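Enquirer: Have a look at this one before I ask anything.
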Amino acid sequence: MNQAELALSNSDRIGLVSNLATMLSAGIPILEAVNSILEDSRGNTKKILEELHADLSQGKHMYVTFLKFPRVFDKVTVSVVKASEEAGTLDVTLKDLRESIRKEMAPSLRAFFAKQSWSRIEIASSQKTLLAMTTSL
């Protein structure tokens, strides 16, 4: 699969960004943080981290790697990461990015749970109807 076509679920993006933010906030050097996360990664997350590791090892910035994965990191995210790398605030920016992804997910999660609640109501109503039908026989 081409890097430009590679995608991650929102939960995988949150995990990746959150792990990086936590490790950088703890003072762990970025290359060491990537290596540590890479050990337990699978699938597309692992592919992104392998590319990030290779780029960082060559002295490139994180945003350069993010540019290679446009279905995972949009242009605004790449620009914000680039600015934060230059300002030395990458850990803070990654925490903010994590919260931003969570907020993106919120409407779809609310819709999902709303549907689930409705389904429970329907099931309860159906059970009462069946109970009423069987007791009247």
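The values are calculated or read from the model by the stated rules, or taken from the named source; none is laboratory data. Please read all numbers here as calculations on a predicted model, not as lab measurements. Cβ placement follows ideal geometry from the backbone for every residue including glycine, while neighbour counts extend to all protein chains displayed.
Enquirer: Where residues in the range 1-10 are of a type outside the set (A, V, I, L, M, F, W, C) and touching a residue at least 40 places away in the same chain (Cβ under 8 Å), which of them is surrounded by the fewest Cβ atoms within 10 Å (Cβ to Cβ)?
Expert: Among residues in the range 1-10 that are of a type outside the set (A, V, I, L, M, F, W, C) and touching a residue at least 40 places away in the same chain (Cβ under 8 Å), the one surrounded by the fewest Cβ atoms within 10 Å (Cβ to Cβ) is E5.
Enquirer: Across the range 23-61, what is the number of residues that are closer than 14 Å to V72 by Cβ, buried (at least 16 other Cβ atoms within 10 Å of the Cβ) and not aliphatic (A, V, I, L, M)?
Expert: Within the range 23-61, residues that are closer than 14 Å to V72 by Cβ, buried (at least 16 other Cβ atoms within 10 Å of the Cβ) and not aliphatic (A, V, I, L, M) number 5.
Enquirer: For L6, only one of the following conditions fails: (1) modelled with pLDDT under 95; (2) farther than 18 Å from P70 by Cα. What is its number?
Expert: L6 satisfies all of (1) modelled with pLDDT under 95; (2) farther than 18 Å from P70 by Cα except (2).
Enquirer: I need every pair where a residue in the range 50-79 that is farther than 17 Å from L24 by Cα has its Cβ under 9 Å from the Cβ of a residue that is acidic (D, E) and in a helix (DSSP H, G or I), sequence separation at least 6 or different chains.
Expert: Close Cβ pairs satisfying both conditions: V64/D55; T65/E51; T65/D55; K68/E51; K68/D55; F69/E51; R71/E5; V72/D12.
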